[in-house]
Amino acid sequence: MSKLRFQAPGASEPIEVSLERADPAHDGAMIARIADAAISVDVEHRGSSDGWLKVGGKVHRYYAHTRDGGVEVWLDGVTYKLEVPNRSRRRGGSPASAAPIDQIVAPMPGTVLKVNVAVGDSFKPHQPLVILESMKMEMTLSAPNAGTVEAVHCKVGELVPLGTVLLALKAAPSTAEENDAS
């Protein structure tokens with residue numbers, strides 16, 4: 001049995017989910033337990049990071065990729081975060097204290113609507129860097145910390161799959177690093 005923590009968009013608290021194999025002869029047959037409910041889930045992998053989920057008789061398309069110690073799953077136009085408890089990254093703190101990231105990746109398959117930066121540009125925390133569109137929904141992508149754009153790997157109008165690296169970034173030195181340098 002595997003335990004996962006599931007974070008739905010907009011939810012204040014993650015949901016604990018236990019997964020167990022329903023049929024040892026069929027890799028994709030699972031039982032998901034959430035609170036007191038047991039839900040039959042059948043996973044059909046199409047590739048290494050995408051496929052179909054059949055939940056309660058309804059079929060859903062999914063794409064998944066590993067990011068920041070967890071897994072982001074795009075399901076029917078919404079991106080969900082899964083993490084394995086006790087292996088998660090540090091918790092708490094403000095978004096500004098989040099660990100710097102070195103790239104912006106597509107959290108869903110979609111079309112690049114706008115690239116707001118170029119190579120060498122500096123950016124502030126949470127400044128809009130790239131805007132994606134998927135299923136008529138726009139998603140603005142930003143970084144939790146300030147930095148500089150090292151490379152742009154996408155262009156307006158391009159269709160990108162989930163997990164595509166869109167920008168390579170270099171984090172700005174922290175105040176402590178700046179003080180050490182002086």
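Bear in mind these aren't lab numbers, they're just calculated from the coordinates by the rules spelled out. Keep in mind that this is a model prediction, so the values were computed, not measured. Methodologically, a virtual Cβ is constructed for each residue, glycine included, from the backbone with ideal geometry; neighbour enumeration extends over all protein chains shown.
Distance from the alpha carbon centroid of segment 103-168 to that of segment 14-35 works out to 34 angstrom. Legend: calculated FRET efficiency, Val55 to Gln7, from the Cβ-Cβ distance at R0 = 25 Å, rounded to 0.05, equals 0.90.
Count Lys and Arg as plus one, Asp and Glu as minus one, and take only other residues whose Cβ is under 13 Å from that of Leu113; the net charge is then 0.
For Ser40, Ser12, which order do you get if you count the other beta carbons within 10 Å of each Cβ and list the fewest first?
The most exposed by this proxy come first: Ser12, Ser40.
Taken over segment 2-83, the convex hull of the Cα atoms encloses 106 Å³ per residue.
Extending 7 Å from Cα along the Cβ direction at Ser122 and again at Arg46 yields two label points whose distance is 4.4 nm.
Partners of Lys124 within straight-line reach, counting lysines whose Cα lies under 18 Å from its Cα and excluding those fewer than 8 residues away in the same chain: Lys114, Lys170.
In angstrom, the C-alpha Rg and Dmax of segment 97-172 are 11.5, 34.
Inter-label distance, Thr111 to Asp76: 2.4 nm, where each label sits 7 Å from its Cα along the C-beta direction. Given R0 = 22 Å, the distance between the Cβ atoms of Ala38 and Thr66 translates into a calculated FRET efficiency of 0.20.
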